[in-house]
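Colleague: Structure provided below as structure tokens; questions to follow.
Bear in mind that the values in this text are calculations on the coordinates, not laboratory data. Because the structure is predicted, anything quoted here is derived from the model rather than measured. With ideal geometry, Cβ positions are generated from the backbone for all residues, glycine too; neighbour counts draw on all protein chains shown.
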Amino acid sequence: MPRFTPEQIRLALSTRTPMGRPEALQFLNALDVKMSVGHWSAGDFCDRFAPPGYHSDDPAFRTDFEGQCRRTKAAGIDAIEIHQHLFEKSLNGGLDLPAIERAKSGFLAELGMTVTACNINTWTNPKFQLGGPCNPKPELRRAALEEILKAVEICRALKIPVLSVWPGSDGADYHFQIDYQQSLEWFTEALVAANKECVKAGVKLAIEPKPYEPRELFMIVPTAASAILVAERVNDTCGGSNCGLTVDYGHQKMEGTTASTACDLAAYAGVPIHKFDVNDARQGRNDQDLMFGTVSVPEAVEYLFTTFVRDYRGYYSQDQFTYRDDPTRAMERSMVNFANLALKAVRVYAKQDELAKARAAGTGPDVLDVVSPILLG
């Protein structure tokens, strides 16, 4: 079944641009293109230049999960992602089951918010400074696995469909610091154990690659290809295809490739993509996590077009750090940008036959004759 119906294509071709907030929300809903937000994108932001937080001087600025949900809803988005530590009694402590129930039956229900993914934090706690699943100490590797398994329980309780592992502190800052193959084996062992529990719970397991940062030489899964390799090993061990990828738009630009190529590489390998994180960054720079669609329009449209061609139907989740801006305004702007670029991608999607002929000719002008009127329109 094609990603879009003829009626949806006609809507994209007839929609006037640029779309504002009401039109953007209506368009995304009509085409069943789903957006969520990482809870951190709705919070305060700290860096080494402003450790207290850029909104720490505003006493009305709520930094708890409820405050983040209310800002997300105010931006027009009714789906949010979490980290497992939001529902722990202390950082990497025991699960706070009453807090889960209060959120579920309280402000999440009131706001009509859906929790779409649970991510893992095994880097904030100083005990994980040398790694989580790849820590040189076996007792800390076990502790990191426990964090992932606690997230499975949160997914059960809140009916969250995806559990995503970004390894954070796993990797190296210096040459000779780790045995990379051994670390990969430790990482894979943890994911095999986690995947078995995810399968029992009906939860998809995703691996999120990133070249570096916070580890400065490399992270344990620095590229989409390495994450695909690990996911294949996990699926071969467990059977099935439950383990897949989270592809972050900006991480691919750090890698020096694109989210489009990561999408196609995963499709080529037969490994599913369970989640896309959207943001923007300059090629080859650090993880800037800018608002989506603010650096390269052609690249952003090609990315969305590729996900549509590959029939991705999951969430596109904002993973952005808009330090000096009002997060509600930034989330809204990113969503509106996303909708306008998605509209262009659907219009290219409608011209696939023409694009295929242009690609067969093999020249830049032939392809640009098809896409440039859409990109520049």
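Colleague: Mind checking which residues of the range 159-169 are aliphatic (A, V, I, L, M) and touching a helix residue (DSSP H, G or I) at 6+ places or on another chain (Cβ under 6 Å)?
Modeller: LEU163, the sole residue that qualifies.
Colleague: Of everything in the range 202-231, what is over 21 Å from GLY168 (Cα atoms) and crowded, with 17+ Cβ neighbours inside 10 Å? Give them in sequence order.
Modeller: Across the range 202-231, the qualifying residue is only VAL203.
Colleague: Determine which member of the set VAL234, VAL192 is more than 20 Å from the chain's Cα centre (by Cα), touching a residue at least 24 places away in the same chain (Cβ under 8 Å) and surrounded by fewer than 24 Cβ atoms within 10 Å (Cβ to Cβ).
Modeller: Within the list VAL234, VAL192, the selection yields VAL192.
Colleague: Taking LEU140 as meeting all but one of (1) under 22 Å from ILE273 (Cα atoms); (2) assigned to a helix (DSSP H, G or I); (3) not aromatic (Phe, Trp, Tyr), write down the number of the exception.
Modeller: Among (1) under 22 Å from ILE273 (Cα atoms); (2) assigned to a helix (DSSP H, G or I); (3) not aromatic (Phe, Trp, Tyr), LEU140 violates only (1).
Colleague: Out of all the residues in the range 261-277, which are in contact with an Asp or Glu (Cβ under 7 Å, 6 or more places away or on another chain) and buried (at least 24 other Cβ atoms within 10 Å of the Cβ)?
Modeller: Of everything in the range 261-277, just one residue is in contact with an Asp or Glu (Cβ under 7 Å, 6 or more places away or on another chain) and buried (at least 24 other Cβ atoms within 10 Å of the Cβ), namely ASP277.
Colleague: Output yes when any residue across the range 155-173 is at negative phi, among the acidic types (Asp, Glu) and in a loop (DSSP other than H, G, I, E, B), and no when none is. Steps first, please.
Modeller: We begin by selecting, within the range 155-173, every residue at negative phi; these are 155-158, 160-167, 169-170, 172-173.
Now restrict to residues that are among the acidic types (Asp, Glu): 170, 173.
Now restrict to residues that are in a loop (DSSP other than H, G, I, E, B): 170, 173.
Yes, because at least one residue in the range 155-173 is at negative phi, among the acidic types (Asp, Glu) and in a loop (DSSP other than H, G, I, E, B).
Colleague: So which residues in the range 282-322 are of a type in the set (A, V, I, L, M) and either out of contact with any Phe, Trp or Tyr (no Cβ under 8 Å at 6 or more places or on another chain) or buried (at least 23 other Cβ atoms within 10 Å of the Cβ) (or both)?
Modeller: Within the range 282-322, LEU290, MET291, VAL295, VAL297, ALA300, VAL301, LEU304 qualify.
Colleague: Determine if the range 76-84 includes at least one residue that is more than 24 Å from ARG324 (Cβ to Cβ) and touching a helix residue (DSSP H, G or I) at 6+ places or on another chain (Cβ under 6 Å).
Modeller: yes
Colleague: On to the next question. For the range 146-157, how many residues meet the condition of being in contact with a strand residue (DSSP E or B) (Cβ under 7 Å, 6 or more places away or on another chain) and surrounded by 18 or more Cβ atoms within 10 Å (Cβ to Cβ)? Give the steps one after another, and end with the answer.
Modeller: Initially, the range 146-157 is screened for residues in contact with a strand residue (DSSP E or B) (Cβ under 7 Å, 6 or more places away or on another chain), giving 148, 150-155.
From the residues that got through so far, the ones that are surrounded by 18 or more Cβ atoms within 10 Å (Cβ to Cβ) too are 148, 150-152, 154-155.
Residues that pass the stated criteria total 6.
Colleague: Being touching a residue at least 12 places away in the same chain (Cβ under 8 Å) and under 18 Å from ARG3 (Cβ atoms) narrows it down to one residue among ALA358, ALA345; which is it?
Modeller: Step by step, each of ALA358, ALA345 is checked, and only ALA345 is touching a residue at least 12 places away in the same chain (Cβ under 8 Å) and under 18 Å from ARG3 (Cβ atoms).
Colleague: Another question, then. From the list LEU31, LEU111, LEU11, pick out the single residue that is surrounded by fewer than 17 Cβ atoms within 10 Å (Cβ to Cβ) and either among the hydrophobic types (A, V, I, L, M, F, W, C) or at positive phi (or both).
Modeller: LEU111
Each row is one residue, and each column tells you yes or no for (1) over 23 Å from ASP248 (Cα atoms); (2) within 21 Å of the chain's Cα centre (by Cα); (3) in a strand (DSSP E or B); (4) free of Cβ contacts under 8 Å to residues at least 12 places away in the same chain.
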{"residue": "SER36", "(1), (2), (3), (4)": "no, yes, yes, no"}
{"residue": "ALA60", "(1), (2), (3), (4)": "yes, no, no, yes"}
{"residue": "ILE100", "(1), (2), (3), (4)": "yes, no, no, no"}
{"residue": "CYS118", "(1), (2), (3), (4)": "no, yes, yes, no"}
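Colleague: May I ask you to list the residues in the range 190-224 that are aliphatic (A, V, I, L, M), more than 18 Å from ASN135 (Cα to Cα) and part of a strand (DSSP E or B)?
Modeller: Within the range 190-224, LEU205, ALA206 meet the criteria.
Colleague: Now a separate question. Being of a type in the set (A, V, I, L, M), surrounded by 15 or more Cβ atoms within 10 Å (Cβ to Cβ), touching a residue at least 12 places away in the same chain (Cβ under 8 Å) and more than 30 Å from GLN182 (Cα to Cα): is that true of ALA143 here?
Modeller: The answer is no for ALA143.
Colleague: A further question on this structure: Considering only the range 63-98, state which residues are in contact with a Ser or Thr (Cβ under 7 Å, 6 or more places away or on another chain), of a type in the set (Gly, Ala, Ser) and part of a loop (DSSP other than H, G, I, E, B).
Modeller: ALA75 - this is the single residue of the range 63-98 that is in contact with a Ser or Thr (Cβ under 7 Å, 6 or more places away or on another chain), of a type in the set (Gly, Ala, Ser) and part of a loop (DSSP other than H, G, I, E, B).
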